[in-house]
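Nothing in this text is a laboratory measurement; each read-out follows from the coordinates by a stated rule. Treat the numbers as computed from the prediction; the structure is a model and nothing was measured.
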């Protein structure tokens, strides 16, 4: 394989190789060519690793894995791999363009990208391969929403131990700033290592900072080994709590506490994007109180079946205000206005309601644009004021 390399078209570089934009002389198309650094070409183990990465990526045929075209040497005799040229840059490049904490639609778009990454990793895991270095720089963006997982240089078999260095100690492979605890400890890796990697990448995207960002490589590896980082919800306050919980589970210190597979993590992210609000069913018996006047308004209720009586006590006198039936919503005004209950709601016979907690509602509001959040806030205040003069509306 020979390509017309142009030294002024360097696209990127790492410790092992450089990536150039080049022209395929046979097919007349632009390609990316990854070339082993000249100073490493006489090291047989490095050459074998370089070639092995190319063969591995080529074997993992998936729309989300960057296609490999050819393996050979460049016009200077250096080992080289020809691959598809991604036009959209990396996810890291996209993130660098906007350092503000994402919210609303921007968060949804990032989650969509990560779901595609999970799909590609699922293909690798089905073939017994762990990527081992998931990060924003290794995710390339194509046209029309295409996402590629690239750079399989640290990939290994499921359950593989870390390779030993010249000193007999495990060699730490991966990027210290987003390293999984088992990699930092030089232990065996499996699919849950990539689960952690995806979680750490989401952390980076949502917080606009890496999980382990203090000190040099050794300090970061030490922090990764024990999971010493700030929780996502403290550094990305605009991120919905449900998504924070997904990321925290993926990044659990103990692999057994993470999502068991990359598919399970993907399913959680897809459910989040479909806005499947957790609303458990609650059954009430006749005479049971659903909400009591004066209690904090920490949830709203959607009546699925049965009837409920609404009453309020003023100046020591209780009076009936009305009834609620299937399809009615109870408590939404007090929840949005962060107020106490203005009425007592009691079941008349058997009643079933869906319970939506405050944090779930806040998560959904956080996913709206700032302008719509303002609209909801204004509406809540106006409804709250109306209730004060029209106590028939329970909240």
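Calculate how steeply helix 44-59 sits against the longest principal axis of the alpha-carbon atoms of the chain, using the helix alpha-carbon long axis, and give the answer as 0 to 90 degrees to the nearest 10. Its long axis makes an angle of about 50 degrees.
How far is helix 191-207 tilted, in degrees, relative to the longest principal axis of the Cα atoms in the chain, given as a value from 0 to 90 rounded to the nearest 10? That works out to roughly 70 degrees.
Dividing the convex hull volume of the alpha carbon atoms of the stretch 256-308 by its residue count, what do you get in Å³ per residue? The partial results should precede the final answer.
Values: hull volume 8.0 nm³, N = 53.
Value for the stretch 256-308: 151 Å³ per residue.
Annotation: the stretch 91-273 has a Kirkwood hydrodynamic radius of 16.3 angstrom, from the mean reciprocal C-alpha pair distance. Look at the alpha carbon pairs under 8 Å that are at least 6 residues apart: their mean separation over the length of the stretch 91-273 gives a relative contact order of 24 percent. Within the listed set 312, 236, 250, the Gaussian network model of the chain (springs between alpha-carbon atoms below 10 Å) gives the highest mean-square fluctuation for 312.
Counting only DSSP H runs of at least 4 residues, each contributing -39500 (n - 2.57), and dividing by the residue count of the chain, the helix-based mean residue ellipticity at 222 nm comes to -10500 deg cm²/dmol. In the stretch 32-118, the C-alpha radius of gyration followed by the widest Cα-Cα span (Dmax) gives 17.0, 51 angstrom.
For the stretch 202-350, the normalised intensity computed at q = 0.18 Å⁻¹ comes to -1.04 (log10 of I(q)/I(0), Debye sum over alpha carbons, equal scatterers, no solvent). Kirkwood analysis of the Cα pair distances in the chain returns a hydrodynamic radius of 24.3 Å.
Seen from all sides and averaged, what is the projected area of the convex hull of the Cα atoms in the stretch 4-83, in nm²?
Quarter of the Cα hull surface area: 5.4 nm².
Helix 105-126 axis versus longest C-alpha principal axis of the chain: approximately 50°, rounded to the nearest ten.
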